[in-house]
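Values in this text are rule-based calculations from the coordinates and carry no lab data. The structure displayed is predicted, hence computed values, not measured ones. Here the Cβ is made from the backbone with ideal geometry for all residues, glycine too, and neighbour counts use every protein chain on show.
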Ligand code: MV4
């Protein structure tokens, strides 16, 4: 089938809503360098569609180039002309600026894949990356989805079902309802059993949506109703469950990776406790102040979980860690994550390359014991936001940009001086990552790098990050997920 036949025979394809197939821009590859593939190259993809934008699109484009694979980028009208698109071998417009009309439209992404003549799609993070229906459509269209099977994604995307799998794998979970709540009296009975406070969570939830604290029977009752309503409107799934509320937990997540041949490994953990309103600010590996026995048990638990679930490709098992270093599995992120670079730096493994290799059928031939956790890596997210104005988005033209460099510094970003940050998407403009032999040296290098940083024309989170790296609690590794809101009044918390 020719690409155009595919396009025109697809109901609701690119041409479905009037002006949409705006142009297929063939960008010339300015580098032209191809690297020979190692073994199994006959099965390796020749062309991959990058179904994302910005920083992560460029990260995937770079991984393709490193592997000698051609990349086809997609872009919305808001991203037309962006420099990073010229680093792909081809770029295809998929619609208007709003994500719902472009990056989230399955039919347009699939049409672009057919026009672009690719064998596989990398979804990045956000957008369609954890949409099991999209992964299933890819399979139907005989396009490899670079991620887990749609079955594993659906099983783990539902938090109640993920917890059941965790229990089956003998992975500790937070005591709670062990399933969806069916009526109020059941919830009251379970809450009395585990003790207040309790947390009501949406099984389809994410980012804290559909979450309510119940401190007594009355607030539990009202919380149940409002959580279910919020979840129903946000996720079209009003299912809720109950957990014991863990006070001031740390958020520690384990990077896992599994091939299509039954091999699964962990790439150690990341501490992502420092966050504000469910937006991570700082991520690091290894987690500070976590006893070696605990981290080994947590990492082993994560591997058991993915093996039991039949999960493949890169993924993350999220845990809460309480003050006594008990850990509890809470959910799986079935995608490459924003913070993956810290795990790449301590292990020396290129996660995005591995995702592509795994999807093409290559086996992982490592030994768990040979995967190092070397030194300390810390990432900060640079967002186009105004910390002095309730972190409101700060889109616009970057009139001046000086990025840090030097030993131990990595800058993953699609932006440049003269780039205009569009108002339609996530405010992440780049990730600054340092890697040093010790955590103290990483902190020193991060301070130096943040001091070198100069961005003008838009507001960024850089001033807040500079303060964090002078903060004694952070330096001591003594922060939890509630720290910013508890102690930093200007960030919207209640000091
Ligand atoms: C919790 C919790 C305390 N106890 N579960 C927030 C979003 C979702 N990913 C899980 N979340 C939490 N679950 C129990 N049983 C506290 C949080 C939580 C949190 C978790 C990870 C990172 C940041 C957070 C910020 C506030 C609350």
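Computed per residue of the chain from DSSP H runs no shorter than four, each worth -39500 (n - 2.57), the mean residue ellipticity at 222 nm is -9000 deg cm²/dmol. Taking the Cα atoms of segment 293-364, the ratio Rg/Rh between the radius of gyration and the Kirkwood radius comes to 0.99.
Using a 10 Å cut-off around each Cβ, can you sort 325, 150, 416 from fewest to most neighbouring Cβ atoms? It would help to have the intermediate numbers written out before the result.
Details: 325 15, 150 21, 416 12.
Fewest to most other Cβ atoms nearby, the residues stand as 416, 325, 150.
For the chain, what are the per-bin percents of Cα-Cα distances with bins 10 Å wide, up to the bin holding the maximum? P(r) for the chain, in whole percents per bin: 4, 19, 29, 29, 16, 4, 0. Applying 1/(1 + (r/R0)^6) with R0 = 22 Å to the Cβ-Cβ distance of residue 447 and residue 485 gives a FRET efficiency near 0.40. Here's the picture: a label point sits 7 Å out from the Cα of residue 326 along the beta-carbon direction, and within segment 184-222 the residues with their amide nitrogen under 17 Å of it are 191-199. The ranking of 340, 251 from fewest to most other beta carbons within 10 Å of each one's beta carbon is 251, 340.
Can you check how the C-alpha radius of gyration of segment 401-495 compares to 2.2 N^0.38 Å, as a plain ratio?
On the way: Rg = 14.7 Å, N = 95, 2.2 N^0.38 = 12.4 Å.
Segment 401-495 yields a ratio of 1.19.
Computed over all pairs of different Cα atoms, the Kirkwood value for the hydrodynamic radius of segment 250-487 is 18.5 Å.
Computed FRET efficiency, Cβ-Cβ of residue 411 and residue 180, R0 56 Å: what is it to the nearest 0.05?
Values: r = 44 Å, r/R0 = 0.79.
Calculated transfer efficiency: 0.80.
Could you tell me whether segment 429-483 comes out rounded, prolate or oblate from its Cα gyration tensor? Rule is a ≥ b ≥ c as square roots of the eigenvalues, rounded for a/c under 1.5, then prolate if a/b exceeds b/c, otherwise oblate. Here segment 429-483 falls in the oblate category.
With each label modelled as a point 7 angstrom along the Cα→C-beta vector, the residue 279-residue 260 pair spans 3.9 nm.
Ranked by the mean number of other Cβ atoms within 10 Å of their residues, highest first, the peptides 329-335, 400-406, 317-323 come out as 329-335, 317-323, 400-406.
Distances longer than 18 Å among the Cα atoms of segment 300-415: what percent of all pairs is that? Don't skip to the end; give the middle numbers.
Working: 4529 of 6670 pairs.
When all Cα pairs of segment 300-415 are counted, 68 percent exceed 18 Å.
By other beta-carbon atoms within 10 Å, ranking 213, 458 with the fewest at the front produces 213, 458. Of the peptides 307-313, 425-431, 291-297, 119-125, the order by per-residue mean of other Cβ atoms within 10 Å, starting with the highest, comes out as 119-125, 425-431, 307-313, 291-297.
Note on residue 466 and residue 86: with the Förster distance fixed at 35 Å, the Cβ-Cβ geometry gives a FRET efficiency of about 0.60. Protection proxy ranking for 279-286, 134-141, using the average of other Cβ atoms within 10 Å per residue and placing the highest first: 279-286, 134-141.
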